[in-house]
1. When you go through (1) under 23 Å from LEU52 (Cα atoms); (2) modelled with pLDDT of 80 or more one by one for ARG163, which number turns out not to apply?
2. State the number of residues belonging to segment 1-50 that are in a loop (DSSP other than H, G, I, E, B), in contact with a helix residue (DSSP H, G or I) (Cβ under 8 Å, 6 or more places away or on another chain), at pLDDT below 85 and under 22 Å from ILE177 (Cα atoms).
3. Look at segment 77-88 and say how many of its residues are more than 26 Å from GLN122 (Cα to Cα) and either at pLDDT below 95 or among the charged types (D, E, K, R) (or both).
4. Take segment 79-120 and flag every residue that is hydrophobic (A, V, I, L, M, F, W, C) and under 18 Å from VAL60 (Cα atoms).
5. Quick one: in segment 97-117, which of the residues that are surrounded by fewer than 14 Cβ atoms within 10 Å (Cβ to Cβ) and either touching a residue at least 12 places away in the same chain (Cβ under 8 Å) or in contact with a strand residue (DSSP E or B) (Cβ under 8 Å, 6 or more places away or on another chain) (or both) is farthest from ALA15 (Cα to Cα)?
6. Report the residue count in segment 51-93 for those that are within 14 Å of VAL104 (Cβ to Cβ) and in a loop (DSSP other than H, G, I, E, B).
Amino acid sequence: MKITRPILAVELAVAWADIQHHHVELPDLAAPESLINETSSACGHRLSFERLLHEAVHGVAAARGIRDTSRAGRYHNRRFLAVAWELGLDHPTDAHVSTGLSLVRLRPDTQLLYSPTVERLQLALDAYSQGARGARSVFLGPPARFGSSGGGARVKAVCRCGRNLRVVLSVLVKAPILCGRCGEPFLTSTQAVELEHPSL
């Protein structure tokens with residue numbers, strides 16, 4: 001069964017645009033498909049509208065020049081929480097010892113505001129999950145590891161000529177990083193697999 005990745009990527013982009021409608025300083029989401037297979041223990045969410053809004057908090061913080069995390073992107077600080085509150089998220093418990101205030105949740109008023117968006121995205125996520133269960137398994141390499149410096153989780157990016165590097169995902173999706181040897185863009189493991197196996 002073919003996975004409905006393009007549909008989900010489109011719905012992620014539409015949901016992001018809905019958030020931008022309410023928060024105009026939020027930058028564009030350059031590669032929504034990059035979120036589909038990316039997991040982050042620092043953010044602590046499976047892919048959902050709540051997770052997308054969490055990522056939007058990081059986007060607004062970056063646009064404002066706010067350092068909202070520390071400890072290589074794992075620890076979400078009170079500056080993160082302040083922006084999260086503006087975007088409609090709250091942190092109902094004490095800070096976690098290693099991830100800080102990362103486990104933010106949709107407030108009831110936010111759920112109501114984005115209700116059509118949440119429902120539409122959830123339908124796409126459900127369709128994607130059903131397709132993924134029917135697809136053959138593909139090994140995408142080890143999960144992303146946190147780098148030794150600030151900026152968030154680093155992912156492996158590869159070039160067709162065989163070179164690879166580790167880069168913060170948010171940096172990679174802003175604009176292509178071109179290989180100095182062959183001039184081709186570096187891709188995440190997921191993007192590379194999709195080029196080789198477009199039917200997945």
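1. Among (1) under 23 Å from LEU52 (Cα atoms); (2) modelled with pLDDT of 80 or more, the lone unmet condition for ARG163 is (1).
2. 6
3. Residues of segment 77-88 that are more than 26 Å from GLN122 (Cα to Cα), as a first pass: 77-79, 82.
Within this subset, residues satisfying the condition of being either at pLDDT below 95 or among the charged types (D, E, K, R) (or both) are 77-79.
Going through segment 77-88 one residue at a time, the tally reaches 3.
4. Within segment 79-120, the first condition is being hydrophobic (A, V, I, L, M, F, W, C), and the residues that meet it are 80-85, 87, 89, 95, 97, 101, 103-104, 106, 112-113, 118.
If the condition is that a residue be hydrophobic (A, V, I, L, M, F, W, C) and under 18 Å from VAL60 (Cα atoms), then PHE80, LEU81, ALA82, VAL83, ALA84, TRP85, LEU87, LEU89, LEU101, LEU103, VAL104, LEU106 are the ones that fit.
5. Taking segment 97-117 as the starting set, the residues that turn out to be surrounded by fewer than 14 Cβ atoms within 10 Å (Cβ to Cβ) are 97-98, 108-109, 112, 115-116.
From what is left, the residues that are either touching a residue at least 12 places away in the same chain (Cβ under 8 Å) or in contact with a strand residue (DSSP E or B) (Cβ under 8 Å, 6 or more places away or on another chain) (or both) are 98, 109.
Working: SER98: 30, ASP109: 17 Å.
The qualifying residue farthest from ALA15 (Cα to Cα) is SER98.
6. Looking only at that region, the number is 7.
The values are calculated or read from the model by the stated rules, or taken from the named source; none is laboratory data. Predicted model, so just to flag it, every value in this text is computed and none were measured. Cβ coordinates were reconstructed from backbone atoms using ideal geometry, including for glycine residues, and neighbour counts include every protein chain displayed.
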